[in-house]
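Throughout, read-outs are computed from the coordinates displayed, never taken from laboratory work. Please read all numbers here as calculations on a predicted model, not as lab measurements. No Cβ is skipped: glycine too gets one built from the backbone with ideal geometry, and neighbour counts run over all protein chains shown.
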Amino acid sequence: MKKNYTYILVGLIVIAIIGVAIYFFYNKNKETTQNQNNKSASRLATNSNDGANELAKVSENAELQNKIEENRIAEEKAKEPKEEELGSYSTPLKSKASGRLNNIRITCSSLNGKVISNGETFSFCNTLGPSTSAKGYQEADVIIDGKTVQALGGGNCQVSSTLYNVVLAVPGLKVVERHEHGKDVTYVPDGKDAAVAYGSMDFKFTNSTGNDIKMYFNSDDENVTVRIVKLVYWIYYF
């Protein structure tokens, strides 16, 4: 009987030891797992913070670059001159001959946007050059020695005459060379025309306004219009 109690006691002791071992092993694993989880969470938090900081830096750099670009564009615009109109003049296109309209469009396009510095003398013929078929010019009415004939560049005189009338209206523009046609023309008042023919007759004027000027030429097949503006340069400081 005593042996049975002894076996039972030994068995209980063994079970207790095993239970204690299991308890400590379980808690140890639980602690290890918790530590690993804590470390993982810490790494994730660190990575998250690093990522957030990196994104913030990228955003700051992008904003800085945008600001630099905005300032650059503003500075470039500030360097562009301000335009103030000095005068304009229009003449009617009474003739609708296709060659004449074509020639006037080409001439206006070639002269449009021409800038004349203060003190510079503008030459209509030297700036435009000869009217050739290679440039797209066609034959149209021109006046030579009082007679109307067909020639390349017919219509150019209406452009030069329109410009002449603007020049007359702007103080500080001095006419250097101007020729009348051999007979009256219908698009400007008598005595207000400016005949041109490359190599023989030119229209010239000198810019003495004290400013650079810019000329705008336009033809809409109804009128020829010339505008002259002065260029005012200024600097915008940030």
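Could you list, in their original order, any pairs among Lys114/Lys230; Lys94/Lys174; Lys174/Lys214; Lys174/Lys230; Lys94/Lys192; Lys204/Lys230 whose Cα atoms are separated by more than 22 Å? Could the numbers behind the result be given before it?
On the way: Lys114/Lys230 12 Å; Lys94/Lys174 29 Å; Lys174/Lys214 15 Å; Lys174/Lys230 15 Å; Lys94/Lys192 17 Å; Lys204/Lys230 18 Å.
The pairs that break the limit, which is 22 Å between Cα atoms, are Lys94/Lys174.
Full extension of the chain segment joining Ser200 with Ser109 gains 30.5 nm, where the gain is 0.36 nm per residue of separation less the Cα-Cα distance. Stretched out straight at 0.36 nm per residue, the stretch from Ala52 to Ile68 would grow longer than its current Cα-Cα span by 3.3 nm. The stretch between Ser123 and Glu180 holds 18.9 nm of extra length on full extension. This uses 0.36 nm per residue minus the Cα-Cα distance. Computed about its Cα centre, the charge dipole of region 73-232 is approximately 80 debye, with only Lys, Arg, Asp and Glu carrying charge at their Cβ. Distance from the alpha carbon centroid of region 218-234 to that of region 114-148 works out to 17 angstrom.
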